[in-house]
1. Return the pair list, or none, for Cβ contacts closer than 8 Å from residues in the stretch 64-83 that are modelled with pLDDT under 90 to residues that are acidic (Asp, Glu), at least 6 apart or on different chains.
2. Just for strands (runs of 3 or more DSSP E) wholly inside the stretch 52-112: which have at least 1 residues that are more than 23 Å from residue 8 (Cα to Cα)?
3. Looking only at the stretch 231-249, filter to residues that are more than 25 Å from residue 159 (Cβ to Cβ) and of a type in the set (A, V, I, L, M, F, W, C); which one of those is surrounded by the most Cβ atoms within 10 Å (Cβ to Cβ)?
4. Considering only the stretch 1-51, give the helices (runs of 4 or more DSSP H) lying wholly within it that have at least 3 residues that are exposed (fewer than 13 other Cβ atoms within 10 Å of the Cβ).
5. Please go through (1) β-branched (Val, Ile, Thr); (2) over 14 Å from residue 205 (Cβ atoms); (3) surrounded by 13 or more Cβ atoms within 10 Å (Cβ to Cβ) for residue 83 and return the number of the only condition it doesn't satisfy.
6. Check whether at least one residue in the stretch 218-230 is modelled with pLDDT of 80 or more and exposed (fewer than 14 other Cβ atoms within 10 Å of the Cβ), and report yes or no.
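The values are calculated or read from the model by the stated rules, or taken from the named source; none is laboratory data. Just so it is clear, the structure is predicted and the values come from calculations on it, not from any experiment. All Cβ positions, glycine included, derive from the backbone under ideal geometry; neighbour counts span all protein chains shown.
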Amino acid sequence: MPKQTVLSLESPALQAIILDLVLLQRWEILRRSQRELTPGDLATAWRCELPEAQRSLDQLVESGLVVRLKASRSRRHVAYQAVALDVSLMWDPDSPTQGELVKRYLAQHRSYSRELLDRHEKMPWGSRKRRYYNGLATITLTDDEYTAIGRLARGMYDILDAADRRAQTRAAGKLPDSDLPEGEAPYHLAFDLAALYEYEPPMPHLEIWDKTSISKESDRAARSASNVLTAKEADVARRLAAGDSRPEIAKSVGLTVNTIASTTKRIYAKLGVRNRAELVARMRLT
């Protein structure tokens, strides 16, 4: 399976299914399998009858999200596979039709997430079977994992509270520039953690970019740190992304702080980033 591909929202077949959440959730299950599956396999995974599974597959093939693999000597049956592990949708900001579809697609996902949480919150506690985390995906967690994520969430909120206090202090003119932390960047965070009571199909994971931005983002993604950094630079980059300070890194690798500073500048230049926050995002692409 190819790792990445870009599909244009100009395709009428793709436009026809972009708001079909059930169909996209079925595609997500196939994408996650990372292997070829028969219609029978997918009917079982999708919890539907075979004719319905076949109709869904035909639509997904026509849209370009799925490829049909013909039977052969090595493959006894017709099988299907997601077109790529990561799929990006490219839309034209000059097209009112595509812009409206993107807006409705994003609104539908937000609405579904809220509906999902509301529906399960109304169910009686005695019917609870398992715990799930609802974000980009719905996955099964043990009680210990759920508790551990709760602890991490509390730690995250402590960090956000500290950042909010710093912002208020800066707004009041009481925080000089010399005291600002290195590598600040704006973020908007959304986080939901809830106990659900039954299996829910995963949310589809499709990146959406307008055509003026996608070439730049694809180019940055292609510039993998493992390809452009030396072994020493990659080590420093990983430590920076992990949150280590320059003095801590210098002590760990046996170099001076000034050397680490110059190495950091080279890393930023090679990866096309401006600060530590952007470095963290770039390192996730490696």
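1. 75/36
2. 79-82
3. 234
4. Helices (runs of 4 or more DSSP H) meeting the threshold: none at all.
5. Unmet for residue 83, out of (1) β-branched (Val, Ile, Thr); (2) over 14 Å from residue 205 (Cβ atoms); (3) surrounded by 13 or more Cβ atoms within 10 Å (Cβ to Cβ): (2).
6. Checked the stretch 218-230: at least one residue is modelled with pLDDT of 80 or more and exposed (fewer than 14 other Cβ atoms within 10 Å of the Cβ).
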